[in-house]
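The values are calculated or read from the model by the stated rules, or taken from the named source; none is laboratory data. This is a predicted model, so every value here is computed, not measured. Please note: Cβ atoms are built from the backbone with ideal geometry, for glycine as well, and neighbour counts cover all protein chains shown. These accessible areas exclude ligands, DNA and RNA; they are computed on the full protein's heavy atoms, side chains included. Shrake-Rupley method; radii C 1.70, N 1.55, O 1.52, S 1.80 Å.
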Amino acid sequence: MLTKIRMNVDMPLSTIDRNIYGHFSEHLGRCIYEGIWVGVDSPIPNTEGFRTDVIEALRHLQIPILRWPGGCFADEYHWKDGVGPKEKRKRMINTHWGGVIENNHFGTHEFIRFCELINAEPYICGNVGSGTVSEMSEWVEYVTFGGESPMANWRQENGRKEPWKLKYFGVGNENWGCGGHMRPEYYADLFRQYACYVRNYGENKIFKIACGPNVDDYHWTEVLMSQAGRYMDGLSLHYYTFPNGYGKEKGSATEFDETWWFRTLKRTLYMEELIERHDTIMTRYDLDKRVALIVDEWGTWYNVEPGTTPGFLYQQNTMRDALVAGINLNIFHRHSDRVRMANLAQLINVLQSVILTEGASMLLTPTFHVFDMYKVHQGAKSIPLHVDSPAYEMNGERIDRIHASASVNDSGILHVSLCNLDHAAAEEIEIDIRGKKATHVTGTILTSEAIQDHNTFDVPDRVSPCAFRDYRLEDDRLIVRMPSKSVVVLAVEW
Ligand code: AHR
């Protein structure tokens, strides 16, 4: 079979915002505690209490932005419990996630310091569900106010003299669900009220993100944009890939057959329709696309690993997750005019993580490798492309076998990302870069023997990228041969 891709590098679309490569960290299971924070007295090698191995891996990944403290946890988090001397910090119950004790040792100072260590922008999500307007307002004052004020003085007493820069602030999380079961009309008013007191101090200008729709709740988007659109800079969208849809059997992260593989990828492709339809509604109120669509929770969601705490959402990560990551990132590239931030759920040890830890050991998942291979697209110009792909069919359903995106960076290098979704069939792809004749190509591939392959603490490199050379230049076409279940990134020069 032959896939044909045509692209015109002289007609770039919008810039791919680096923040599309963002991540999400919540006080959930072993994400914050064990995954990021082990404390200065831990035998696990650490830098000021943060795992050193994790810092190094994330620096390498060049993650631009990190969202915290939730998730559902955000709307029961009271930030004042998490500042000041650690031994005096309040202990609380994490009611959403396993009913465990939260000792608040990882709070505002620790989060922002961690972001500094990994060179990421902090994105804080405030509490609308169970918090007050003044509590939210004071949090922003505590973090960003440089003068004399109760909160700025308190920050100084707690060891931080200068204010921090904080650009991204979310006004509540999933307020249609765990964040208060609100109707959009009610939340739209609350957003206007809370956001009003999220102040800009000095040079610090806050990008305010409103809680957006749950998946295909187009009514929510309509109400938010019509009632509160002019007060927000971003509207969030949450869409997780559940293999059988929300509320149905999720299946195992590692023990699945090709039917489950196919369903998972098909459900992932639905992200494109969601973005297009929410964008259409947003455009009715915001023709210039000033308000960004922020996909601040996405990723796969399976049953937890056998023997682990159900409320901790710990799952393994296979070649299937690598394809899910590649498809979603391709979709975000293709819609970079509206989608200007996305945050994978979640950074470490929860859902579709890029890193898993066990005691002092750490491993990089197939999803990590896709983010690493794709990072060349950060800040580049998205290129329009037309993909004419044969069908990949299963039980009467069909999806395209090949999924792709492309961008050109400031040095004029074209990067093409290709996913072969087919679990069994290799595919030949003919790429026609209109008006350009490629002269030099390099490539990287992520693939494996089996669709269920994953990295373990015993075999941490079973799925890892390597150089890709199965391509040739023929006339003015680039012909690529991709094995089944693979992700390839090519760098093309002319
Ligand atoms: O990522 C897990 C949970 O999923 C988040 O806390 C919540 O926002 C979403 O429902």
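Could you state the accessible area per residue of the range 1-134 in Å², with a 1.4 Å probe and every protein chain left in place?
On the way: 5030 Å² over 134 residues.
Each residue of the range 1-134 exposes 38 Å² on average to a 1.4 Å probe.
Limiting things to C-alpha atoms, what are the Rg and the maximum Cα-Cα separation (Dmax) for the range 1-160, in angstroms?
19.0, 69
Probe radius 1.4 Å, ligands and nucleic acids ignored: give me the carbon and sulfur share of the accessible area of the chain as a rounded percent.
Details: 8960 of 18790 Å².
Answer for the chain is 48 percent, counting heavy atoms of protein chains only.
Sequence gap at least 6, Cα distance under 8 Å: using those rules, report the relative contact order of the chain to the nearest whole percent. Please report the intermediate quantities before stating the final value.
Working: 1156 pairs, mean separation 94.0, N = 494.
It rounds to 19 percent for the chain.
Suppose all protein chains stay in the model; what accessible area per residue would a 1.4 Å probe give for the range 381-494, in Å²?
Values: 5080 Å² over 114 residues.
Heavy-atom accessible area per residue stands at 45 Å².
According to the square roots a ≥ b ≥ c of the eigenvalues of the Cα gyration tensor, what is the shape class of the range 259-311, taking rounded for a/c under 1.5, prolate for a/b larger than b/c otherwise, and oblate for the remainder?
On the way: a/c = 5.43, a/b = 2.13, b/c = 2.55.
Because a/c hits 1.5 or more and a/b fails to exceed b/c, the range 259-311 counts as oblate.
Looking at Y240, L224, M394, which one has the Cα that reaches farthest to the positive end of the dipole of the chain (charges on Cβ: Lys, Arg +1; Asp, Glu -1)?
Of Y240, L224, M394, it is L224.
Considering amide H positions built from the backbone, and no H for Pro or chain starts, which residues 5 or more places from T47, or on another chain, come under 5 Å of its amide H?
Close amide H contacts, sequence-distant or interchain: T52.
Could you give me D for the range 127-250, from Stokes-Einstein at 4 °C and 1.567 mPa s, where the hydrodynamic radius is the Kirkwood radius over C-alpha pairs? Units µm² s⁻¹, please. Provide the component values of the computation, followed by the final result.
Values: Rh = 15.8 Å.
In µm²/s, the coefficient is 82.
I want to verify the translational diffusion coefficient of the chain in µm²/s; compute it with Stokes-Einstein, Rh as the Kirkwood radius over Cα pairs, at 25 °C and 0.890 mPa s. All intermediate terms of the calculation are to be shown ahead of the outcome.
Working: Rh = 23.2 Å.
Diffusion coefficient, whole number: 106 µm²/s.
What does the accessible area per residue of the range 262-366 come to in Å², with a 1.4 Å probe and no ligands, DNA or RNA counted?
Working: 2880 Å² over 105 residues.
For the range 262-366, the per-residue accessible area is 27 Å².
If the reach is capped at under 16 angstrom between alpha carbons, list the aspartates and glutamates near K90, excluding any in the same chain fewer than eight residues apart.
Reachable aspartates and glutamates: E76, D81, E102, E110.
What's the magnitude of the charge dipole for the chain around its Cα centre, counting Lys and Arg as +1 and Asp and Glu as -1 at the beta-carbon? Answer in Debye, nearest 20.
Numbers: 51 positive and 66 negative charges, 180 e Å.
The dipole of the chain has a size of about 860 debye.
Between the range 6-52 and the range 423-494, what is the separation of their alpha carbon centroids in Å?
26
Using Cα pairs closer than 8 Å and at least 6 residues apart in sequence, work out the relative contact order for the range 232-305, in percent.
Working: 80 pairs, mean separation 45.3, N = 74.
Here the relative contact order equals 61 percent.
Please give the charge dipole size of the range 161-212, origin at the Cα centre, charges +1 on K and R Cβ atoms and -1 on D and E Cβ atoms. Round to the nearest 20 debye. List each step's numbers first, then the result.
On the way: 8 positive and 5 negative charges, 47 e Å.
Dipole about the Cα centre, nearest 20: 220 debye.
Rounded to the nearest 10 Å², what accessible area does R113 show when all protein chains are kept and the probe is 1.4 Å?
Number for this one is 80 Å².
If Rh is defined by the Kirkwood formula over all Cα pairs and Rg also comes from Cα, what ratio Rg/Rh do you get for the range 402-463? Walk me through the numbers before you get to the answer.
Values: Rg = 15.5 Å, Rh = 14.6 Å.
Across the range 402-463, the Cα-based Rg/Rh ratio is 1.06.
Helix-derived [θ] at 222 nm for the chain: sum -39500 (n - 2.57) over DSSP H runs of at least 4, divide by residue count, nearest 500?
Working: 9 runs with 118 residues, N = 494.
The per-residue figure over the chain is -7500 deg cm²/dmol.
Over the range 33-120, what is the mean sequence separation of C-alpha contacts under 8 Å (at least six apart), divided by residue count, expressed as relative contact order in percent? Don't jump to the answer; show the numbers that get you there.
Numbers: 96 pairs, mean separation 23.4, N = 88.
That works out to 27 percent.
Would you work out the charge dipole size for the range 354-494 about its Cα centre, treating the Cβ of every Lys and Arg as +1 and the Cβ of every Asp and Glu as -1, and quote it to the nearest 20 debye? All intermediate terms of the calculation are to be shown ahead of the outcome.
Working: 13 positive and 21 negative charges, 81 e Å.
Its charge dipole is roughly 400 debye.
Sort 445-453, 86-94 by packing, meaning the average of other beta carbons within 10 Å per residue, with the highest value first. Let's see the in-between values first.
Values: 445-453: 18.1, 86-94: 13.2.
Per-residue mean Cβ counts within 10 Å order the peptides as 445-453, 86-94.
According to the Cα gyration tensor, what semi-axes, each the square root of 5 times an eigenvalue, does the equivalent ellipsoid of the range 1-80 have, listed from largest to smallest in whole Å?
Values: eigenvalues 266, 67, 32 Å².
Square roots of five times the eigenvalues give 36, 18, 13 Å.
5 Å is the cut-off here: which amide hydrogens, built 1.01 Å from N in the peptide plane, fall below it relative to D453, excluding neighbours closer than 5 in sequence?
M319
Report Rg (one decimal) and Dmax (nearest whole number) for the range 268-393, counting Cα atoms only, units Å.
Cα only, the range 268-393: 16.6, 52 Å (Rg, Dmax).
Just to confirm my numbers, what's the Cα centroid distance between the range 218-253 and the range 261-306 in Å?
Using only Cα atoms to place each centre, the spacing works out to 7 Å.
Want the number for E258 to E162: 0.36 nm per residue separation, take away the alpha-carbon distance, what's left? Walk me through the intermediate numbers first.
Working: separation 96, 0.36 × 96 = 34.56 nm, distance 5.46 nm.
Between E258 and E162, full extension yields an extra 29.1 nm.
Roughly what percent of Cα-Cα pairs across the range 311-449 reach past 27 Å?
Values: 2691 of 9591 pairs.
Of the Cα pairs, 28 percent sit more than 27 Å apart.
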